[in-house]
Amino acid sequence: MTLLHPLRFALALLIAAALVFLYTTLLRRKTAHDLAYSSIAFFAAAVQPRRWIPQLLDAGWMLALLALAFALGGVRLTAPMPVRDGAVFICIDTSGSMATTDVSPTRAAAALNAARAFIEESAPGTRIGLISFSAGASMIQPLSSDHALVEAALGQIPPPNGATAIGDALRLAASALPESGHRLIVLVTDGVNNTGVDPLEVAEWLGTQHIPVYTIGIGTPNGGYIPGSEDEATIDEGALREYAQVSGGAYARAEDATQLHDALARLGRVTSFAKQRVDATEGFTVAGVALLVVTFLTGLGLGRFG
Amino acid sequence: MPGGSPTSRRGDGYEFVELRGYVPGDDVRRIDWAATARSGELQTRIVLEDVGLTLAGILDDSPSMQVGRRRPLLGAAREALRLWYEVAEPEDRCVRVIGKALAPTSGLRGAPSAAAALGAGGSFELQQSLETARSALRAGTALLAIGDWFDLRDDADELLYVLARRYDCTALLARDPWFDGFALSGIVRMRGAEGGTLRAYVGKQEQARYEQAVRRREAQLLRRFALAGWRTGVLEESRGAASLAAAFGVRLAKAG
């Protein structure tokens with residue numbers, strides 16, 4: 001938290017302190033509403049009056065004054081805000097191993113479902129594109145801020161078949177991303193790169209361009225056989241972790257559909273928001289005035305201000 | 001004085017009359033050793049036995065009695081005490097027990113002693129006053145104690161009992177000024193007469209608890225005094241003297 005006008009804030013605090021002092025002095029002053037009583041101890045023990053109510057009102061006054069003091073000081077907060085120029089490519093592996101059923105119903109179906117969660121959790125305005133890859137990479141949906149359109153495009157992703165060209169997918173995404181702004185790539189795969197360009201080289205280049213690659217590895221530890229073949233569906237976790245590391249992203253492993261869904265949903269939230277300094281003057285003013293009004297009316301409703 | 005007033009006769013007492021030679025059978029505690037030394041023969045102090053009544057009063061004039069709805073409870077308490085002393089005959093002695101002291105200390109009787117006792121002041125402390133009353137008053141004294149009894153100790157019952165055995169004791173309990181209903185509601189600020197403050201919300205729930213509590217407290221205190229053998233009465237803020245009279249089953253023509 002920073003202040004645009006620290007002196008104004010200090011002045012406001014002084015005024016608030018003076019008001020608090022005045023208030024407490026008025027409380028000490030004997031008024032017609034005061035009641036002198038023989039034994040406070042007896043009263044307190046016998047009646048058990050609710051002391052927290054006036055304390056709550058006091059807190060309301062204090063907080064309202066503090067909020068207004070911050071507002072006057074031009075408060076700036078660092079808060080996660082939706083990224084306006086955010087651009088994300090989701091690269092989904094459609095190689096043959098994605099037909100494996102160790103992740104219910106299949107790795108491919110779970111990946112699509114998780115990609116949908118990512119889109120839904122992304123901040124409005126974030127541009128999202130879709131790339132599928134097996135033996136090569138295909139642009140399914142160019143970057144678009146129309147999230148409904150992107151979700152619909154998920155249906156165009158082809159069924160699992162063929163090899164795994166991770167490097168090609170990364171390169172295609174890199175070429176389609178804007179030259180600046182908040183850019184990133186989400187790579188959802190279950191396999192080992194076995195064709196096309198070297199993904200590590202592309203990931204390193206992406207790192208130099210400040211385009212992080214978030215890699216999600218799908219599959220159970222035991223994996224399984226690729227349907228219709230005798231090949232094992234293996235996953236090269238070390239490589240996926242390295243792509244993420246060199247590009248400035250992160251790696252996550254999803255062993256079931258829920259984990260995958262959660263991982264991408266979380267990623268959608270995290271990657272489409274960025275910490276920014278925002279002017280909170282208006283918010284503090286509204287909160288301060290609202291608190292003042294609520295406290296005033298509550299005090300009025302309770303009989304008097306005490 | 002020999003053959004003096006009909007209210008005095010020779011015997012045990014505290015008013016000195018004369019010295020005379022010791023006669024076998026005299027109480028050896030009455031031998032005046034200084035006079036014996038001067039005269040060379042045993043001398044006995046002859047004193048008047050006081051047959052007048054001692055009217056003693058304990059008045060709690062601490063800050064807790066300064067509160068009230070229309071006037072301080074202490075005003076009503078003073079009215080009751082004034083009435084108490086007003087009944088004194090000329091030979092009766094009126095005293096106030098204030099902490100460790102009795103006032104007046106001189107041998108005043110009748111109205112002068114009543115005026116002196118009423119006007120006496122000092123630092124009041126309930127427990128000490130009760131102890132002093134036990135040790136310093138004559139047997140048969142009529143003792144009136146007025147207060148709110150907030151300071152009455154939980155273990156004071158034995159002392160109350162001893163006092164009632166020695167004296168004719170009457171206790172007037174100052175009724176809580178808001179006995180019939182707590183005056184304020186909402187956020188209430190209270191100042192303890194003897195210190196402390198309280199700021200709290202008082203609603204119907206609290207008011208009901210308050211009414212129950214003051215009634216229970218009054219009943220418990222009156223029962224304690226009654227069990228100890230005291231005559232009891234309730235001092236109402238608006239009926240000082242009448243409250244005392246009521247404790248004796250007397251109805252005053254004019255309240256106050």
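Coordinate-derived values only; no laboratory data. Quick caveat: nothing in here was measured; it's all calculated off a predicted structure. Reconstructed Cβ throughout: ideal geometry from the backbone, glycine too, with neighbour counts over all protein chains shown.
Just for the stretch B:16-162, what percent of DSSP beta bridges are antiparallel, to the closest 5? The partial results should precede the final answer.
Numbers: 9 of 18 bridges.
For the stretch B:16-162, the DSSP antiparallel bridge percentage is about 50.
Got the relative contact order for chain A handy, in percent, Cα pairs under 8 Å and 6 or more residues apart?
For chain A, the relative contact order is 25 percent.
Which of A:Thr25, A:Ile15, A:Thr285 sits closest to the plus end of the dipole of chain A, meaning its Cα is farthest towards the positive end, when Lys and Arg get +1 and Asp and Glu get -1 on the C-beta?
Result: A:Thr25, furthest along the dipole toward the positive end.
Using a 10 Å cut-off around each Cβ, can you sort A:Asp58, A:Asp146 from fewest to most neighbouring Cβ atoms?
Details: A:Asp58 17, A:Asp146 12.
Sorted ascending by nearby Cβ count, the order is A:Asp146, A:Asp58.
For chain A, with a Gaussian network of springs between Cα atoms less than 10 Å apart, report the residue from A:Val103, A:Val289, A:Val186 with the top mean-square fluctuation.
A:Val289
Mind sorting B:Ser64, A:Ser180, A:Ser145 by how few other Cβ atoms lie within 10 Å of their own Cβ, fewest first?
Working: B:Ser64 23, A:Ser180 10, A:Ser145 15.
Ranking B:Ser64, A:Ser180, A:Ser145 by Cβ neighbours within 10 Å, fewest first, gives A:Ser180, A:Ser145, B:Ser64.
Roughly how many Å is it from the Cα centre of the stretch A:263-302 to that of the stretch A:174-217, as a whole number?
37
In the stretch A:81-275, what % of DSSP beta bridges are antiparallel (nearest 5)?
Values: 8 of 30 bridges.
Roughly 25 percent of the beta bridges in the stretch A:81-275 run antiparallel, per DSSP.
Run the helix sum for chain A: -39,500 (n - 2.57) per DSSP H stretch of 4+ residues, divided by residue count, reported at 222 nm to the nearest 500 deg cm²/dmol. Don't skip to the end; give the middle numbers.
On the way: 10 runs with 142 residues, N = 306.
So the helix-based figure for chain A works out to -15000 deg cm²/dmol.
What is the fewest-to-most order of A:Tyr243, B:Tyr161 by other Cβ atoms lying within 10 Å of their Cβ?
Values: A:Tyr243 29, B:Tyr161 14.
Ascending Cβ contact count within 10 Å gives the list B:Tyr161, A:Tyr243.
Out of the DSSP beta bridges found with both residues in the stretch B:54-247, what percent are antiparallel (nearest 5)? List each step's numbers first, then the result.
Working: 10 of 30 bridges.
In the stretch B:54-247, approximately 35 percent of DSSP beta bridges are antiparallel ones.
Can you give the mean number of other chain Cβ atoms that lie within 10 Å of the Cβ atoms in peptide B:175-186? Working shown, then result.
Details: counts 0, 5, 4, 3, 0, 0, 0, 4, 2, 5, 3, 11.
Shielding by partners across B:175-186 averages 3.
Compute and list, largest first, the equivalent-ellipsoid semi-axes of the stretch B:101-230 from the alpha carbon gyration tensor, each √(5λ) rounded to a whole angstrom.
Working: eigenvalues 236, 67, 31 Å².
So the equivalent ellipsoid measures 34, 18, 12 Å along its semi-axes.
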